[in-house]
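Asker: Sending over a structure as structure tokens; questions will come in a sec.
Readers should treat all values here as calculations from the given coordinates under stated rules, not as data from a laboratory. Keep in mind that this is a model prediction, so the values were computed, not measured. Note: ideal-geometry Cβ built from the backbone for every residue, glycine included; neighbour counts use all protein chains shown.
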Amino acid sequence: MSDERTNPHAPRADGPAAQRPGGDSPGADAPRTDGPGVADRPGESFQRATRYERQSLRGWQLDWERQPSDHKVYPAEGRVPLPEPLREGGPGLWSLLQRRRSERRYTQESLSLAELAQVLWAGDGMTLAADDMALRTAPSAGALYPIESYVAVHRVADLAAGVWHYDIRRHALDPVRLGDVRVETARAALDQQIALTADAVLLWSAVFERTTWKYRQRGYRYMYMEAGHIAQNTALAALGLGLATCQIAALYDEEANALVGADGQRESVLYMSTLARRREATRERR
Ligand SMILES: Cc1cc2nc3c(=O)[nH]c(=O)nc-3n(C[C@H](O)[C@H](O)[C@H](O)COP(=O)(O)O)c2cc1C
């Protein structure tokens, strides 16, 4: 199991990544010109294949009969209603932006249910019920809301350990599977220790057809962006409560999907974030 010293995604204190924001993905900023053709480089073919061109948009029509639902509903058995979140006030945004960092050292002290509830709501919670839509804290292309939020609970007071699904409309958690999932979560997160030592790990999946129904292949771009919006909301809200987060995109897709019960075809996990209490660096003794 890797920790912050061996984690390839953690910035190295002495390495070039320390000087370069986002420098943890090797070569990410350098377009490749060598190697095989573009067909063998799916990232580049994806970017090309999902381009908008004037002629490709002609005759684009929607099949309203086949519009997918914008949320998953789990059986009510075992549902845990969450404490109402604060929707006013809170810490200053400028100071949160100034102080936001990916934190990887945590205490082993539990989160409270109210803290988890506040962070879940801030990430992608409902802010306005309009017609049959539930508008959220995070924007969504076409208000189609492809992202589902799950949380692997390791240590939260008054909540059983296991994987839970966040029901955005009810502001409640539904059990997906109960039990100790710490090792499985960390394994799914490319063996990163932070996913084991955190109090909870949020997992965001996309239900692809919600967005491809309207935007077709272009929609795949949007879903990753939307997960990013939610993750940033989450990070700032957690910091506002004095909690720590670290985003995780380095994951074994099939293992992450197995954790939340996604099939990997219609629904797949895109992104994760730890949630925990920050452990202050211990002062060196002189
Ligand atoms: C898309 C994305 C994926 C990331 N994946 C990981 C990860 O898997 N593990 C990790 O420790 N940090 C991960 N990070 C955090 C970055 O390492 C971190 O944001 C970067 O070093 C800058 O530090 P800061 O967030 O403290 O400003 C990820 C960040 C982003 C935006």
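Asker: Can you compute the modelled spin-label distance between residue 109 and residue 69, with each label point 7 Å from Cα toward Cβ, in nm?
Answerer: Output for this residue pair reads 4.1 nm.
Asker: For region 149-195, take the alpha-carbon Rg, divide it by the Kirkwood Rh, and send me Rg/Rh.
Answerer: On the way: Rg = 11.2 Å, Rh = 11.2 Å.
In region 149-195, Rg relative to Rh is 1.00.
Asker: Quick one: 133, 126, 223, 272, fewest Cβ neighbours within 10 Å first, how do they rank?
Answerer: Neighbour counts put them in this order, fewest first: 133, 126, 223, 272.
Asker: Here's a follow-up. For a quick check: sort 208, 46 by the number of other beta carbons within 10 angstrom, fewest at the front. Don't jump to the answer; show the numbers that get you there.
Answerer: Details: 208 17, 46 13.
With the fewest neighbours first, 208, 46 line up as 46, 208.
Asker: What order do you get for 239, 116, 57 when you list them from fewest to most C-beta neighbours inside 10 Å?
Answerer: On the way: 239 21, 116 29, 57 9.
The order, fewest Cβ neighbours first, is 57, 239, 116.
Asker: Within region 53-157, which chymotrypsin sites (Phe, Trp or Tyr not before Pro) sit in a loop by DSSP and count at most 14 neighbouring Cβ atoms inside 10 Å?
Answerer: Details: sites: 60, 64, 94, 106, 121, 150; in loops: 60.
Of the chymotrypsin sites (Phe, Trp or Tyr not before Pro), the ones in loops of region 53-157 whose Cβ has at most 14 other Cβ atoms within 10 Å are 60.
Asker: Take residue 49, project a point 7 Å from its Cα along the Cβ direction, then tell me which residues of region 209-240 have their backbone nitrogen under 11 Å from it.
Answerer: Label zone hits: 217-218.
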